[in-house]
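The values are calculated or read from the model by the stated rules, or taken from the named source; none is laboratory data. Just so it is clear, the model here is predicted, and its values are computed rather than measured. Here the Cβ positions follow ideal geometry from the backbone for every residue, glycine too, while neighbour counts run over all protein chains shown. Heavy atoms of the whole protein, side chains included, go into the accessibility calculation; ligands, DNA and RNA do not. Shrake-Rupley method; radii C 1.70, N 1.55, O 1.52, S 1.80 Å.
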Amino acid sequence: MAFRPTPEQALRTFIGRVQARFPGAGEDFDEEKVEASIKGAKLPEANVPADARFPNVSQSQHCWTKFNEHILCMKKSGGDEAQCNKFRRHYRTVCPNEWVENWEDHIDAGVFMGIKPE
């Protein structure tokens, strides 16, 4: 099991490396201010939440499913982009751009093998 340092530990490690490489660097550094800003900062959410259906599966299946979930959402919502935006963000994060462009071309040509948009 890999150890993942907290942001505070990572910062301390980074500061130690910088000070070791550049003696005298950071003498005016206020560690308390930096720690306060880290503790108050919100870390960005992961773009794609963990999906129990894909614990150890190739990400290509994850990509395909997310793309089709977006199409399904668009069908159910009557084309409401705002309601389905999270699904679009998910597949855009997981899928290679070439695949998405290819699938969109297939949809336009009427030969897409996934969920039919209309």
Matching residues, region 59-118, being among the small types (Gly, Ala, Ser) and within 16 Å of the chain's Cα centre (by Cα): Ser60
Which condition number does Lys75 fail, the rest of (1) under 18 Å from Glu118 (Cα atoms); (2) touching a helix residue (DSSP H, G or I) at 6+ places or on another chain (Cβ under 6 Å); (3) in contact (Cβ under 8 Å) with a residue 12 or more places away in the chain being met? (2)
Cβ-Cβ under 6 Å, sequence separation 6+ or interchain: first residue in region 91-118 and part of a helix (DSSP H, G or I), partner modelled with pLDDT under 95 and of a type in the set (Lys, Arg). Which pairs? Tyr91/Lys66; Val94/Lys66
Restricting attention to region 86-101, does a residue exist that is open to solvent by less than 40 Å² (accessible area, probe 1.4 Å), out of contact with any helix residue (DSSP H, G or I) (no Cβ under 6 Å at 6 or more places or on another chain) and not hydroxyl-bearing (Ser, Thr, Tyr)? yes
Among the residues listed as Phe112, Phe67, Phe22, the single one being open to solvent by 100 Å² or more (accessible area, probe 1.4 Å), modelled with pLDDT of 70 or more and not acidic (Asp, Glu): Phe22
Number of the exception - Pro117 against (1) at pLDDT 90 or above; (2) farther than 30 Å from Pro5 by Cα; (3) open to solvent by less than 60 Å² (accessible area, probe 1.4 Å): (1)
